[in-house]
Amino acid sequence: MIHSDASTTMSTPPRTVRSPTIAVIGMEGSGKTVLATTLAKRLCTIDARGVFLNPKGVKTLKYVERVWGILQSGDWPPSTVPGEKFELEWKLNIVGEQECDLRLIDVAGQDLRLLFGEEQIYSVDSLPAHLQALAEYCRSADIILFLVNLKDFCGEGDAERRTANEAAIKSAMDYLTTVGHRRRVCLVLTQADLYKELAHERGGWLALVKQVIPYVFNAHVAIKKMVVHPIAAVAETRIVVDGDGRPRQVPVAQFRSAGFGGLVNWLTAQVRKVKQELQADLSAHIPPDHNPLSGNQKKQTEWLQIAMKYVWIIIILLLYPFARSCSSPPFSAPTKQPPIVVVRPEPELFDFEKEVDPGDIFYDLVTVKGKVINKGTSGRIIVEAWLVGEDNSLKKQEFNLNPGEVKPFIFYLHGNLGQSHEVKWRPSVP
């Protein structure tokens, strides 16, 4: 009779790094549906950065096409009814690197206001099922886009309503940046094309945020260095008059979008960082003696290792007399080796200059100039420059320099309008 041992045929599956997750949240009227749909259509083909937003399943694809058709017809999609939710999923693919899950649970902004504005997030078990799902959606994300429409503050005449709006936003940010695992949160100002002139008058986007939502600005943008991205998913609109005589703005067919470049750059930078952190966490939690082999396989391997040790001991004992007879003297002192001299390029930067010019309606153009000299041996040198607090601004240039050779460099960095644009730079050798 042959007895089979399941442990000899089964092995522990290798542990893999999970994909980072992105969530999009916002109050009612913040533009979650329009942003997700427009971003999905703009990234339905691989862009110049190698980024592609790949819908998971037929439901998401059909939803995007339906909402896109409504926008192209010159109207806005209907608001989500409180208590209802519609979950959409994409894979944010970075060609040649990794992918990440982007989930949008399209729920009514009133539900988010109820969850955070009333601080019910701290007693989730007693909430209705749809609010529990919303809470889990927020808590499970690694990266969160928090959408804010400035009309809730600049265009809201009721002081109590403005206070309630800011309290709900701040409460959500307080919770999501402190409770549970570390999350990267970005403040996205939607419909920013309507407020670009106001932002210029107030001294830039950050100055405008500081004035209209000061608690959010000071607690998160100023102290926690939260990134602010103004965008306009629909940057071209026209005025129509409804049947009851009321004018309203609607999308123009084939409308432009503005501000997506900076937002996508920030997202891809965060995806890379989260992926690295998840990999580091996985490595740290694997025990040093971790062995994926089964019990019997592990015993066989241990016996084989012991046997090989004895074999090597016997070989050494047999060869020792022969080696001694051939050596004269038996154990000669090792010859002194010359010290190893490491030769490499030694870059040094000088004549550094910075110029700031207005870019488009959302970003400034920061020009960085300077020179690099090689004070070492010939080789490749890398020069990097970036704006402090803006992860997506890093740029680099490479040079092959001979000893004493000087090369000028220039960088064009794009930064959020109204920031101080402190620049850091460094030379390095690969």
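The values are calculated or read from the model by the stated rules, or taken from the named source; none is laboratory data. Just so we're clear, the structure is a prediction, and the values are computed from it rather than from any experiment. Note that each Cβ is placed from the backbone with ideal geometry, even for glycine, and that neighbours are counted across all protein chains shown. Ligands, DNA and RNA are excluded from the accessible area calculation, which covers all protein heavy atoms including side chains. Shrake-Rupley method; radii C 1.70, N 1.55, O 1.52, S 1.80 Å.
Residue 73 accessible area, nearest 10 Å², 1.4 Å probe?
So the heavy atoms of residue 73 present about 90 Å² to solvent.
Quick one: putting +1 on the C-beta of Lys and Arg, -1 on the C-beta of Asp and Glu, what dipole do you get for the range 132-238 around its Cα centre, in Debye to the nearest 20?
400
What order, most packed first, do the peptides 242-253, 214-225 have when packing is the mean number of other Cβ atoms within 10 Å of each residue?
The densest-packed peptide leads the list: 214-225, 242-253.
Bin by bin, in steps of 10 Å, what percent of the Cα pairs in the range 224-280 do you find, going until the bin that has the longest distance?
The calculated distribution, bin by bin, is 19, 28, 24, 17, 9, 3, 0.
With Kirkwood's inverse mean 1/r over C-alpha pairs for Rh, give me the Rg to Rh ratio of the range 174-259, two decimals please.
Ratio of gyration radius to Kirkwood radius: 1.10.
Treating the beta-carbon of each Lys and Arg as +1 and of each Asp and Glu as -1, no other charges, what is the dipole magnitude of the range 119-165 about its Cα centre, to the nearest 20 debye?
Result for the range 119-165 is approximately 120 debye, rounded to the nearest 20.
Roughly how far apart, in whole Å, are the Cα centres of the range 235-253 and the range 149-209?
Between the Cα centres of the range 235-253 and the range 149-209 lies a distance of 25 Å.
Size of the dipole of the range 62-175 about the Cα centre, Lys and Arg at +1 and Asp and Glu at -1 on the beta carbon, nothing else charged, in debye to 20?
220
Using a 1.4 Å probe on the protein heavy atoms, what percent of the accessible area of the range 131-269 belongs to carbon and sulfur?
Carbon and sulfur together cover 49 percent of it.
Rg over Rh of the range 380-430, using C-alpha atoms and the Kirkwood radius, what does it come to?
Using Cα coordinates only, the ratio equals 1.05.
For Cα pairs less than 8 Å apart in space and 6+ apart in sequence, what is the mean separation divided by the residue count of the range 97-201, i.e. the relative contact order in percent?
This gives 32 percent for the range 97-201.
Of the listed peptides 143-152, 196-205, 31-40, what is their order by residue-averaged count of other C-beta atoms within 10 Å, with the highest listed first?
31-40, 143-152, 196-205
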